[in-house]
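Below is one structure; the comments refer to it alone.
Coordinate-derived values only; no laboratory data. Since the structure is predicted, the reported quantities are computational estimates derived from the model, not experimental observations. A quick note on method: Cβ atoms are made from the backbone with ideal geometry, for glycine too, and the neighbour counts reach across all protein chains shown.
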Protein chains: 2
Amino acid sequence: MTNLEDLRANGWQLTQAISPDELEAVLRAIGAQRYHNNHPFHERMRSGALSKGAMQAWALNRYLYQSRIPMKDAALMARMVDTDLRREWRHRIEDHDGVEGDDGGIERWLKLAEGLGLDRDYVIAESGALPATHFAVDAYIRYVSDQSLLAAIASSLTELFAPTIIADRVSNVLANYDYVSKNSLAYFDKRMTQAPRDSGFALQYCRDNAVECRDQQEVIDALLFKTGMLWAMLDALDYCYVSDVGAPPPGCFVPDPA
Amino acid sequence: MTNLEDLRANGWQLTQAISPDELEAVLRAIGAQRYHNNHPFHERMRSGALSKGAMQAWALNRYLYQSRIPMKDAALMARMVDTDLRREWRHRIEDHDGVEGDDGGIERWLKLAEGLGLDRDYVIAESGALPATHFAVDAYIRYVSDQSLLAAIASSLTELFAPTIIADRVSNVLANYDYVSKNSLAYFDKRMTQAPRDSGFALQYCRDNAVECRDQQEVIDALLFKTGMLWAMLDALDYCYVSDVGAPPPGCFVPDPA
């Protein structure tokens with residue numbers, strides 16, 4: 001059995017092929033180490049320490065990420081020759097863009113942003129988002145276009161860890177910010193069922209298709225890339241909207257004075 | 001009013017912006033000149049002159065095109081920031097990949113290939129398709145990824161001319177090839193309603209969004225690219241499976257001796 005401590009110390013670099021169960025254990029250990037629920041910005045959010053301006057900056061920048069998810073999934077589908085795989089993946093786009101009778105996750109995120117007092121059109125215009133956010137989400141779309149299909153699919157595996165952060169975030173945000181309503185957090189309710197279904201499929205795909213050491217390393221590297229990308233988004237927010245040393249770059253969203 | 005004859009003689013190069021109605025007239029004139037219903041291979045098909053082997057080669061190679069259409073549409077959706085535009089475009093993928101209760105166009109094309117006596121798995125494996133077909137369909141996917149979104153959308157405008165060729169092809173093929181059944185041509189029945197809906201949307205999009213001369217030229221060039229790409233596929237088939245001078249390249253589908 002692979003020693004997870006050794007692997008972690010080694011920057012998650014495999015030296016030989018491991019079993020599917022071991023691979024899953026490695027992926028979950030990476031999540032425990034690097035998923036953005038460990039970021040100080042998330043800790044500040046859940047404990048009630050963020051200003052309303054910082055909460056708005058988070059919703060505004062995260063909108064950019066949300067809005068690019070269906071484009072990312074379309075870029076992935078553009079590489080899938082297998083019809084059944086495309087049909088399975090298609091519901092991710094439906095979840096975000098909506099279907100008959102459901103406006104979809106992007107619309108729910110806009111409701112969240114509006115609930116925090118942001119102007120809907122300003123959010124959609126994207127002009128107030130940080131350049132760092134643009135670079136991060138653009139890198140994600142490029143990643144799923146340029147890397148192997150296996151790596152592209154594996155980069156979605158952060159969804160494995162989403163339910164934990166969501167449950168924690170929703171309860172604490174509702175308890176600690178009196179201007180946030182349960183209704184405006186409807187986005188997260190849906191993700192509690194969507195994320196496990198999606199990540200379950202992607203995990204099984206990686207277990208089935210990453211058998212050689214090289215392929216397993218691709219899966220691991222994809223998760224490292226993705227956790228790093230989510231982390232970088234919170235770094236930028238924390239620097240520009242929370243810390244005393246940073247400030248919003250010219251042209252980016254500036255909160256109203258408290 | 002633009003003189004269509006002059007434009008045609010000039011290789012469809014605009015010298016100034018034209019009205020939406022004029023643009024549509026130009027697009028339809030390009031279709032009349034260059035759509036692949038004008039290709040000798042199509043004329044041979046409709047008149048009953050093709051061997052069964054040539055019909056099989058057509059179905060086999062065209063499968064590659066069919067199988068790449070949802071990938072092409074996903075590549076296009078990967079570039080659409082607008083949720084409503086993605087939702088509109090999404091049904092093209094559903095038409096080909098299928099939805100609950102409908103197997104989709106790719107499956108119907110496989111039925112057509114099987115109806116012509118081809119082995120389903122051999123068709124799906126793509127190993128028998130001509131390199132020229134691979135190059136053409138790959139160029140199409142690259143086109144919608146690399147050109148402007150307007151040009152990418154405009155490249156779908158060949159659907160404007162599909163109903164004519166389909167109606168003509170179905171009736172004549174049924175009349176002239178006794179081994180082809182109405183049932184095996186079910187693919188085309190669906191396209192008779194799907195193509196006009198899709199091309200209607202794309203045409204309106206181009207009318208609305210191509211106002212400057214430069215944008216209108218992009219739309220025109222996209223249709224020239226696409227008609228050229230469809231034409232090239234039939235050139236390759238005609239050379240390798242019909243003409244006396246050509247033959248299937250090594251490794252490609254070889255019909256059974258008649």
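Here are a few things to note about the model shown:
- Exercise: per-residue mean of other protein chain Cβ atoms within 10 Å, B:86-94: 4
- Most positive-pole-ward Cα, B:A129, A:A202, A:Y179, against dipole of the protein assembly as shown from beta carbon charges: A:Y179
- Environment charge at B:A29 (Cβ cut-off 11 Å; Lys +1, Arg +1, Asp -1, Glu -1): 0
- Between the Cα long axis of helix B:162-176 and the first principal axis of chain B there is an angle of about 20°, rounded to the nearest 10.
- Candidates per GluC sites (Glu not before Pro) in the stretch B:123-214, loop by DSSP, up to 10 other Cβ within 10 Å: B:E212
- Cα convex hull, the stretch B:4-241: 124 Å³ per residue, rounded to a whole number.
- Label-point gap, in nm, between B:Q204 and A:N38 - each point 7 angstrom along Cα→Cβ: 5.1
- A helix-only calculation puts chain B at -22500 deg cm²/dmol for mean residue ellipticity at 222 nm, using -39500 (n - 2.57) for each DSSP H run of at least four residues, averaged over all residues.
- Pairs of Cα atoms farther than 19 Å apart, the stretch B:169-225, %: 52
- Summed residue charge, Cβ within 14 Å of B:L50's Cβ, Lys/Arg positive, Asp/Glu negative: +2
- Computed log10 I(q)/I(0) for the stretch A:1-57 at 0.26, 0.28, 0.29 Å⁻¹: -1.01, -1.12, -1.17, from the Debye equation with unit scatterers placed on every C-alpha and solvent omitted.
- Note: relative contact order over chain A, using C-alpha pairs below 8 Å and six or more positions apart, is 32 percent.
- Gap separating the Cα centres of the stretch B:1-25 and the stretch A:1-43, nearest whole Å: 61
- Under a model in which nothing but the beta-carbon of Lys, Arg (+1) and Asp, Glu (-1) is charged, chain B shows a dipole of about 280 debye around its Cα centre.
- Per-selection Rg to Rh, the stretch B:135-187 - Cα, Kirkwood hydrodynamic radius: 1.18
- In the stretch A:8-104, taking the dipole from charged Cβ atoms about the Cα centre, the farthest positive-side position among A:G104, A:L76, A:A54 is held by A:A54.
- Across the stretch B:106-239, counting alpha-carbon atoms alone, Rg and Dmax equal 16.8, 51 Å.
- Value of Rg/Rh across the stretch B:79-141 [Cα atoms, Kirkwood radius]: 1.08
- Projected over all directions and averaged, the alpha-carbon convex hull of the protein assembly as shown occupies 28.8 nm².
- Degrees, to the nearest 10: B:83-97 long Cα axis against longest axis of chain B: 10
- Rounded to the nearest whole Hz, the Karplus-based 3J(HN,Hα) values (6.51 cos²θ - 1.76 cosθ + 1.60, θ = phi - 60°) of the stretch A:9-16 follow the sequence 4, 8, x, 6, 9, 6, 10, 7, with x at glycine and proline.
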